[in-house]
Amino acid sequence: MRLPVLIALTVIIITSTIFYRLESSTSSKKRDYVLVIHGGAGFVANTEDKEKIEAVTNGIRAALELGNEMLKNGAKSIDVIEAVITILENDSTFNSGRGAVLSMTKEAELDASIMDGSNLNAGAVGNVRIVKNPIKAARSVMDKTNHVLLVGEGAEQFAISQNLDIVENSYFVTQQNLNEWEQRAKLEKGGTVGAVAMDKYGNLAAGTSTGGMMRKMHGRIGDSPIIGAGTYANNNSCAISATGWGEKYIKNAAAFNVHALMTYKNLSLNDAMKEVMYKILDPKDGGMIAIDKNGNYSLIFTTQAMSRGIATSDGIFEIKIWE
Ligand code: ASP
């Protein structure tokens with residue numbers, strides 16, 4: 001075999017074993033409900049940091065337990081998404097709500113979105129700095145306005161008008177994030193949160209919430225509040241929440257592309273996820289979680305890690321960070 005071919009083959013084999021992770025489950029019997037959560041891709045893969053691992057695991061478990069109970073009791077998927085993401089936003093372990101990363105101006109500038117697959121209604125907020133739970137503001141945009149996305153001051157004024165909890169920006173700032181900001185942390189800080197759910201009525205929903213990227217430009221908005229990039233849900237295909245390098249997900253309409261491949265090319269959820277993550281996006285760009293209308297789930301990431309949890313009506317309850 002010629003040397004360049006051999007080198008290329010070796011590179012393909014190494015990258016595919018190291019960077020590509022896919023976890024999925026197809027069930028022959030349609031599940032009653034499914035909930036999948038992520039706590040961000042790119043989480044520093046330090047297996048020694050026991051405290052951080054415990055915090056991430058506990059945070060995901062608390063969200064998963066609440067969502068599982070709600071779905072079991074017949075809650076609607078859209079309500080479960082809002083509740084589960086609210087818990088994660090209140091947990092400073094994750095890069096959303098309290099504990100979010102800081103922008104160039106050392107402030108938390110938060111983005112979130114939510115989408116109801118039963119009617120394609122969606123709501124999102126970008127660059128909010130005083131709204132305690134951006135996912136609730138996103139839900140209000142969806143329920144109470146004719147718009148999909150409100151940003152900055154307008155979004156904040158709207159949140160105030162809806163009597164949502166308002167806080168000082170310092171509420172979001174943790175010492176750890178300040179330290180990492182000072183160290184000009186080159187480390188890719190993961191921790192964006194997202195959830196996808198199918199309820200007992202077969203309705204799909206998705207949501208995502210984030211502080212974005214550490215030291216991002218003031219005013220930068222990532223993929224998380226962009227419907228079709230970081231979040232998408234459609235009862236006819238799937239529900240998706242993404243995490244990773246937001247600009248790449250926006251440019252490639254990543255979440256919508258999974259839906260489009262399933263809808264127009266009849267790909268299975270797994271094949272559509274692989275196509276987007278491995279062929280459309282680049283290695284190390286991040287990860288995505290998704291479920292389809294039959295309650296099959298698919299979790300995929302090309303970073304070293306993606307914290308995540310799964311709960312289903314047929315008894316699966318799992319939390320993982322690495323492979
Ligand atoms: N996708 C998020 C953003 O670019 C960041 C992340 O998921 O870690 O804003």
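Screening A122 against (1) more than 14 Å from the ligand (Cβ to nearest atom); (2) small (G, A, S); (3) under 15 Å from the mean Cα position of the chain (by Cα) leaves a single unmet condition, (3). If you check I316 against the conditions, is it over 18 Å from the mean Cα position of the chain (by Cα) and closer than 14 Å to E23 by Cα? The answer is yes for I316. The set of residues in the stretch 210-246 that are touching a Phe, Trp or Tyr at 6+ places or on another chain (Cβ under 7 Å) and either surrounded by fewer than 24 Cβ atoms within 10 Å (Cβ to Cβ) or on the phi > 0 side of the Ramachandran plot (or both) comprises M214, R215, G228. Criterion applied to V125, V101 was being assigned to a loop (DSSP other than H, G, I, E, B), among the β-branched types (V, I, T) and crowded, with 24+ Cβ neighbours inside 10 Å, and the one residue passing it is V101.
If you go through the stretch 228-264 and keep only what is part of a helix (DSSP H, G or I) and more than 16 Å from the ligand (Cβ to nearest atom), you end up with H259, A260, L261, M262, T263, Y264. Scanning the stretch 282-308 for residues that are among the hydrophobic types (A, V, I, L, M, F, W, C) and more than 23 Å from M115 (Cα to Cα) yields one hit, A305. Would you confirm whether any residue within the stretch 209-217 is over 16 Å from G126 (Cβ atoms), within 14 Å of the ligand (Cβ to nearest atom) and in a loop (DSSP other than H, G, I, E, B)? Checked against the condition, which is being over 16 Å from G126 (Cβ atoms), within 14 Å of the ligand (Cβ to nearest atom) and in a loop (DSSP other than H, G, I, E, B), the stretch 209-217 yields at least one hit. Screening the stretch 287-299 for residues that are in contact with a helix residue (DSSP H, G or I) (Cβ under 7 Å, 6 or more places away or on another chain) and assigned to a strand (DSSP E or B) and picking the one that is surrounded by the fewest Cβ atoms within 10 Å (Cβ to Cβ) gives D292.
Looking across the stretch 56-81, the residues that are over 13 Å from G309 (Cβ atoms), surrounded by fewer than 23 Cβ atoms within 10 Å (Cβ to Cβ) and not aliphatic (A, V, I, L, M) come down to E69, K72, N73, G74, K76, D79. Restricting the first member to the stretch 214-225 and to residues that are within 10 Å of L110 (Cα to Cα) and of a type in the set (A, V, I, L, M, F, W, C), and the second to residues that are at pLDDT 95 or above and near the ligand (Cβ under 8 Å from one of its atoms), the beta-carbon pairs closer than 6 Å and six or more apart or on different chains are I221/D111.
The values are calculated or read from the model by the stated rules, or taken from the named source; none is laboratory data. What you are looking at is a predicted structure, and each value in this text was computed from that prediction instead of being measured. No Cβ is skipped: glycine too gets one built from the backbone with ideal geometry, and neighbour counts run over all protein chains shown.
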